[in-house]
Amino acid sequence: MLITIEVNSKKLKAEKGETILNALNRNGINIPTLCRLRDLTPTGACRICVVEVEGEDMLVTACSEPVREWMKIETHSPRVIRARKAIVELLLSNHPDNCLYCDRNLNCELQRIASELNIRERRLSGKKMTLKLDQSSPAITRELSKCILCGRCVRICEEVVKVNTLDFIGKGRAIHIGTAMDKDFNFSSCIHCGQCLNVCPTGALHEKYNIGEVQDYLTKKDTLKVIQFSPLVAFSLAREMGLKYSQNFDKKLNEALYRIGFDRVYCTGFGSDIMINELTEMLENNKTGKLNDTIYTSHCPAWVKYAEQFMPGILEKLSGLKSPQQITGAVIKALVPGIEAVNPENIYSVSATLCTAAKYEARRDAMTRKGISDIETILTVRELAQLLRLYGINMDVLDGRNVDEPMNLASFSALMTEISGGLTESVVKIIAQNNGIELSSSDMRKLRAAGDFRELMVRAGEHEYNFAVIDGLAGLDMLRSKMRSVHYDMVEIMVCQSGCVNGGGVNSDENGESVRDRLKMIYKSEENSAIKMPVDNPAVRNFYEKWLPLDKDISDKKIFRNKYSKKDVLL
Ligand code: SF4
Ligand code: SF4
Ligand code: FES
């Protein structure tokens, strides 16, 4: 129901019950916010969004106060601006003055708001915060001296990710954000999803940087430097660098990577196609062998860590397959030494990805063979953009070149595995093809629908396959309740809502537009994709027919598999 409010002496329409902030934003009036997160419970912690409301003695926080009929609001009165300035000046009074050296320089919400409020001098001087730098996690770095206590990270971890790693600790001046018992991140329940990085308004949380290490290796003459990425990485990178994306951008990125010193560029989707094949085979064997047990996917490293910490009872039901980047990494280390006549220990392998948890996954014990890691280093899309800027690469003038054989091709299905439900869709398509079934568009719509729980039943000959998709851990509650009456043959779980398209390693805007853009790019690529399914991928066929049977070291396919164990963490 629409009501009338008066803002800065103008009548506006607002939805009954919505917050003042929503009504203002819809009517084109912006006011600063620091603690607010779209769709999550407002806390009113930062008070930067205050406005004047006629009849109220105190300024009210627009992000939490609902509109009332005929409410009279002043959004930029002298009193309001003075209050906002005072809040920011207080935040800046103990903030470190090292913006120039901060990775959020020019991309910091606090810096932007200070500039918008025309704060040009330090009027308040407080004791600088000296909380220690926590670099204990393989994926996330905490610089709490830059924390402004907005609480966004606490809420996203609790309300969206459902892990509850972070909380406010201490009182008064000693208050800060910490983990259970205020220990370092590596002792905590953090599953490295990186969702908190993307909402932190300052540089207090960011991925663990590996750019320096990559730079060092790029100059080594006696090392073969290889890198893998997927089209989703190329697409997200173009956006990150403010460039227009076209299909040729992937080729330009290959050339850029050669120019900065990589010797070979491979395709992560090659590993995705192998993963889809292996998972489908496992599922069909499970069904026809009458084992009839549920198989849980294991391609999301954040989910795997969650299961090890909170659901150890299902570890033996995980498919055991590594993520696509790790499978590609393992195949690189198995095949490339023979092809390039180089020792495996002289291959430096990098993967560029949207996933921060991949940094953790690459360091797991099982991600090695004969003591050599599948992948040495993971770069997020943000880091890759930084690396290309560092080397002064102008993507516009590059011609482009192809990905290197033999890990050079991927199917459309491979790209779909970067979306929640995409792995299930790919497996369902193979089962349908193997059994001569036509899938309806409504089947596909069920898997591509919104929501944290989706399901699909497919009848194939005498068998009935039930699939469930958990899109974000909030869907686990529904799964538990459904499993009381339904047997699922396969449960796909991804921690980041919508999947890797919303990973912590790439900047995403608050209204979800960038995630929708990435989803659209993936769906749209189906039309132009000459290779629709793993079975159509000549590189993968070649691998199964030529390479795998010949090499007894890898023919048991153990290089595709991970190992799991219960993990005790502080809660
Ligand atoms: S990385 Fe994910 S699990 Fe870890 S603290 Fe941040 S939001 Fe929570
Ligand atoms: S770490 Fe970042 S998101 Fe968390 S409270 Fe501090 S400033 Fe806010
Ligand atoms: S944004 Fe409203 S109180 Fe922080």
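List of remarks:
- Hits in the range 133-143 - residues which are away from ligand 1 (no atom under 12 Å from the Cβ), outside any loop (DSSP other than H, G, I, E, B) and under 22 Å from the mean Cα position of the chain (by Cα): Glu143
- Annotation: Arg120 fulfils all but one of (1) at pLDDT below 95; (2) surrounded by 12 or more Cβ atoms within 10 Å (Cβ to Cβ); the unmet one is (2).
- Of all the numbered requirements in (1) assigned to a helix (DSSP H, G or I); (2) surrounded by fewer than 16 Cβ atoms within 10 Å (Cβ to Cβ), Phe168 misses one, and that requirement is (1).
- The condition of being farther than 25 Å from Val403 by Cα and assigned to a helix (DSSP H, G or I) holds for only one of Val501, Val569, Val540, Val515, that being Val515.
- Within the range 373-415, if we keep just the residues that are of a type in the set (S, T, N, Q) and under 19 Å from Lys225 (Cβ atoms), the residue that is surrounded by the fewest Cβ atoms within 10 Å (Cβ to Cβ) turns out to be Asn402.
- Long-range neighbours under 8 Å by Cβ, at least six apart or interchain, first residue assigned by TED's automatic domain parsing to the domain that holds Lys370 within the range 551-562, second at pLDDT below 95 and among the aromatic types (Phe, Trp, Tyr): Ile554/Trp547
- Top-ranked residue in the range 61-83 [being β-branched (Val, Ile, Thr) and either modelled with pLDDT under 95 or over 13 Å from Ala23 (Cβ atoms) (or both); ranked as farthest from ligand 3 (Cβ to nearest atom)]: Ile81
- Residue check for Tyr217: within 27 Å of Val397 (Cβ to Cβ), at pLDDT 95 or above, in a helix (DSSP H, G or I) and touching a Phe, Trp or Tyr at 6+ places or on another chain (Cβ under 7 Å): yes
- Of all residues in the range 199-213, one or more are part of a helix (DSSP H, G or I), within 16 Å of ligand 3 (Cβ to nearest atom) and at pLDDT 95 or above.
- Residue check, Lys251 in contact with a Phe, Trp or Tyr (Cβ under 7 Å, 6 or more places away or on another chain) and either over 15 Å from Ser411 (Cα atoms) or at pLDDT below 95 (or both): no
- No other residue among Leu218, Leu197 is over 21 Å from Asp568 (Cα atoms), buried (at least 16 other Cβ atoms within 10 Å of the Cβ) and under 22 Å from the mean Cα position of the chain (by Cα) apart from Leu197.
- Any hit, the range 231-239, residues being closer than 20 Å to Cys300 by Cα and either at pLDDT below 95 or more than 22 Å from the chain's Cα centre (by Cα) (or both): yes
- In the range 345-357, the residues that are farther than 18 Å from Val233 by Cβ form Cβ pairs under 8 Å with partners that are among the hydrophobic types (A, V, I, L, M, F, W, C), at six or more places apart or across chains, as follows: Glu345/Ile372; Asn346/Leu224; Ile347/Leu224; Ile347/Val226; Ile347/Ile332; Ile347/Val336; Tyr348/Leu224; Tyr348/Val226.
- Of the candidates Thr75, Thr41, Thr61, the single residue that is β-branched (Val, Ile, Thr) and within 16 Å of ligand 2 (Cβ to nearest atom) is Thr41.
- Subset of the range 522-548 [free of Cβ contacts under 8 Å to residues at least 24 places away in the same chain, surrounded by 12 or more Cβ atoms within 10 Å (Cβ to Cβ) and among the hydrophobic types (A, V, I, L, M, F, W, C)]: Leu548
- Lone qualifier among Asp263, Asp184 - being at pLDDT below 95, surrounded by fewer than 24 Cβ atoms within 10 Å (Cβ to Cβ) and charged (D, E, K, R): Asp184
The values are calculated or read from the model by the stated rules, or taken from the named source; none is laboratory data. Bear in mind the structure is a predicted one, so any value in this text is a computation, not a measurement. Cβ coordinates were reconstructed from backbone atoms using ideal geometry, including for glycine residues, and neighbour counts include every protein chain displayed.
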